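Step one of this worksheet: look at the structure below.
The values are calculated or read from the model by the stated rules, or taken from the named source; none is laboratory data. No experiment lies behind these values; they were computed from the predicted model shown. Glycine also receives a Cβ, built like all others from the backbone with ideal geometry; neighbour counts cover every protein chain displayed. Side chains included, ligands, DNA and RNA excluded: accessible areas come from the protein's heavy atoms. Shrake-Rupley method; radii C 1.70, N 1.55, O 1.52, S 1.80 Å.
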Amino acid sequence: MILDRIENKDIYIKNHPLFAQAFAFIEEHLKNPREAGKYELVGKDLYAMVQCYDTKADARFETHERYIDIQFMVNGRERVLWCEKEGMIPSCDYNPEKDAQFFADSENAVEFLLTSGRFAIFFPSDAHKPALAVDSAEPVEKIVVKILL
């Protein structure tokens, strides 16, 4: 898992051939905002979802096997829990259509705030529980970029 500010994106671009395009989409959105929805950038290899929602009191830990997530907070803030997938107890089987598996909570979870201008990168080994309210539900705008491994 990586947590950083958008100004430092160049440090990470070399980590995957599609990271440069992923960050370019985010920066373009900051200059020319798009409506909420899904945007295919390189077919199913790279796509982005502009999301607007209210944070919530609880969520489930999730992982993805085929995609890396870059989650960038455009506006707002949310709590996120992170934990290594290894040793976690699945609450369901892996769903290949949704590229998702969910897990029970873990005592080893680390909490952080995702605030405007910050991004988190989650790899398949990273269980994450995003979209959690800080104090009470509040609206956020977030971009989730999915990058095929």
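Report yes if some residue within segment 50-61 is out of contact with any Leu (no Cβ under 9 Å at 6 or more places or on another chain) and among the basic types (K, R); otherwise report no.
Within segment 50-61 (the criterion being out of contact with any Leu (no Cβ under 9 Å at 6 or more places or on another chain) and among the basic types (K, R)), the answer is yes, since at least one residue qualifies.
Identify, please: which residue in segment 32-41 is over 16 Å from the mean Cα position of the chain (by Cα) and open to solvent by 70 Å² or more (accessible area, probe 1.4 Å) and is, among those, nearest to L148 (Cα to Cα)?
Among those residues, the one meeting the criterion is E40.
Are any of the residues in segment 14-31 open to solvent by 30 Å² or more (accessible area, probe 1.4 Å), under 29 Å from S136 (Cβ atoms) and in contact (Cβ under 8 Å) with a residue 40 or more places away in the chain?
So far as segment 14-31 goes, yes, one or more of its residues are open to solvent by 30 Å² or more (accessible area, probe 1.4 Å), under 29 Å from S136 (Cβ atoms) and in contact (Cβ under 8 Å) with a residue 40 or more places away in the chain.
Do we have E62 as modelled with pLDDT of 95 or more and open to solvent by 70 Å² or more (accessible area, probe 1.4 Å) here?
no
In segment 42-58, is there at least one residue being under 18 Å from P124 (Cβ atoms), touching a Ser or Thr at 6+ places or on another chain (Cβ under 8 Å), touching a residue at least 60 places away in the same chain (Cβ under 8 Å) and open to solvent by 50 Å² or more (accessible area, probe 1.4 Å)?
Within segment 42-58, not a single residue is under 18 Å from P124 (Cβ atoms), touching a Ser or Thr at 6+ places or on another chain (Cβ under 8 Å), touching a residue at least 60 places away in the same chain (Cβ under 8 Å) and open to solvent by 50 Å² or more (accessible area, probe 1.4 Å).
What residue, of K38, K9, K14, is out of contact with any Lys or Arg (no Cβ under 6 Å at 6 or more places or on another chain) and in a strand (DSSP E or B)?
Exactly one of K38, K9, K14 is out of contact with any Lys or Arg (no Cβ under 6 Å at 6 or more places or on another chain) and in a strand (DSSP E or B), namely K38.
Pick from segment 93-130 the residues that are of a type in the set (A, V, I, L, M), open to solvent by less than 10 Å² (accessible area, probe 1.4 Å) and under 16 Å from T55 (Cβ atoms): which of them is nearest to the chain's Cα centre (by Cα)?
A120
If I go through segment 41-89 residue by residue, how many of them are among the β-branched types (V, I, T), within 25 Å of E107 (Cα to Cα) and not in a loop (DSSP other than H, G, I, E, B)?
Adding up the residues that qualify gives 4.
Report, by residue number, each residue of segment 132-147 that is surrounded by fewer than 21 Cβ atoms within 10 Å (Cβ to Cβ) and farther than 21 Å from L46 by Cα.
Across segment 132-147, the qualifying residues are L132, A133, V134, D135, S136, A137, E138, P139.
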